[in-house]
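What follows is a single structure, written as structure tokens, with notes after it.
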């Protein structure tokens, strides 16, 4: 699936599941507190922009089925990134997600002998299970485990860059808690991965071919029922000798425009990507959920 086809898919889905169509009412029973299901991460799982949380996509409670659809754009100094995807939540316990990612090298593609505007893309299929607790209503934090299968669509090129495979699987566990009395959310994730730049540059490399443990975290402050600000961190493996990989950071604001629409803007520092350092920029994300 090309990125343009993915965008058409998202736009069509948004039209079909609009509240006017009455589809949302048939999918869910009740609803969660605003913003407590998070937004869609870069790989499609519910949580923050850079990392998943121990929450399930959609507005459903434990008696229904929920749905979220998202589109994300990251404009960096030298590169562009886009993703689009969909996630289903079942009884606020199981989440199934899909995301298509596209990374445009712009002018740097020429310097890398790939050609101007050469694009890397991959598809990510994910599953997450909330095994215990609740983010808001239980004394025990929400705890979830997840898996993400990633298939890179540029196998020959990523192998030339030194990657060992063009597909891989990430395994992660998340713990998240919203302290309602203080309007503060804290979340942490541990991830086993071989992915180079999420998998957009393949999996494993000449420096390391094995799984490594990476840590991710989020802290957010709910300023009002509709507005949350916060920051995220994500450590990264460094498997490719040709392209150093740095840890990621962001500072974000998420606005619940309505109960079904959330808009997010973030300042991102993604470090060195594909031989070029100082990749900082702005992430914009729009999500609708039911």
message: So residue 202 ticks every box in (1) at negative phi; (2) free of Cβ contacts under 8 Å to residues at least 60 places away in the same chain but one. Which box is left unticked?
response: (1)
message: Checking the condition more than 30 Å from residue 224 (Cβ to Cβ) and part of a loop (DSSP other than H, G, I, E, B), which residue from 173, 136, 163 passes?
response: 163
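Yes/no matrix, rows are residues, columns are (1) part of a loop (DSSP other than H, G, I, E, B); (2) under 18 Å from the mean Cα position of the chain (by Cα); (3) over 14 Å from residue 193 (Cβ atoms); (4) in contact (Cβ under 8 Å) with a residue 60 or more places away in the chain:
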position	(1), (2), (3), (4)
207	yes, no, yes, no
217	no, yes, yes, yes
221	no, no, yes, no
224	yes, no, yes, no
230	no, yes, yes, yes
237	yes, yes, no, no
241	yes, no, yes, yes
field: Any chance residue 77 is modelled with pLDDT under 95, touching a helix residue (DSSP H, G or I) at 6+ places or on another chain (Cβ under 8 Å) and surrounded by fewer than 18 Cβ atoms within 10 Å (Cβ to Cβ)
entry: no
message: Taking the condition of being under 19 Å from residue 109 (Cα atoms) and surrounded by fewer than 18 Cβ atoms within 10 Å (Cβ to Cβ), how many residues in the range 232-275 meet it?
response: 6
query: Does any residue of the range 239-253 turn out to be more than 22 Å from residue 267 (Cα to Cα) and at pLDDT 95 or above?
result: yes
task: Check whether at least one residue in the range 113-123 is surrounded by fewer than 17 Cβ atoms within 10 Å (Cβ to Cβ), closer than 30 Å to residue 187 by Cα, modelled with pLDDT of 95 or more and within 19 Å of the chain's Cα centre (by Cα), and report yes or no.
output: no
- request: Return yes or no: is residue 212 in contact with a strand residue (DSSP E or B) (Cβ under 8 Å, 6 or more places away or on another chain) and either surrounded by 17 or more Cβ atoms within 10 Å (Cβ to Cβ) or under 24 Å from residue 79 (Cα atoms) (or both)?
  value: no
- prompt: in contact with a helix residue (DSSP H, G or I) (Cβ under 9 Å, 6 or more places away or on another chain), touching a residue at least 24 places away in the same chain (Cβ under 8 Å) and closer than 30 Å to residue 118 by Cα - does that describe any residue in the range 178-195?
  reply: yes
field: Hey, residue 144 assigned to a strand (DSSP E or B) and either within 20 Å of residue 200 (Cα to Cα) or touching a residue at least 12 places away in the same chain (Cβ under 8 Å) (or both) or not
entry: yes
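Residue-by-condition table, conditions (1) at pLDDT below 95; (2) under 25 Å from residue 172 (Cα atoms):
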position: 28; (1), (2): yes, no
position: 37; (1), (2): yes, yes
position: 44; (1), (2): no, yes
position: 51; (1), (2): no, yes
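The values are calculated or read from the model by the stated rules, or taken from the named source; none is laboratory data. What you see is a predicted model; the values in this text were computed from it and never measured. Methodologically, a virtual Cβ is constructed for each residue, glycine included, from the backbone with ideal geometry; neighbour enumeration extends over all protein chains shown.
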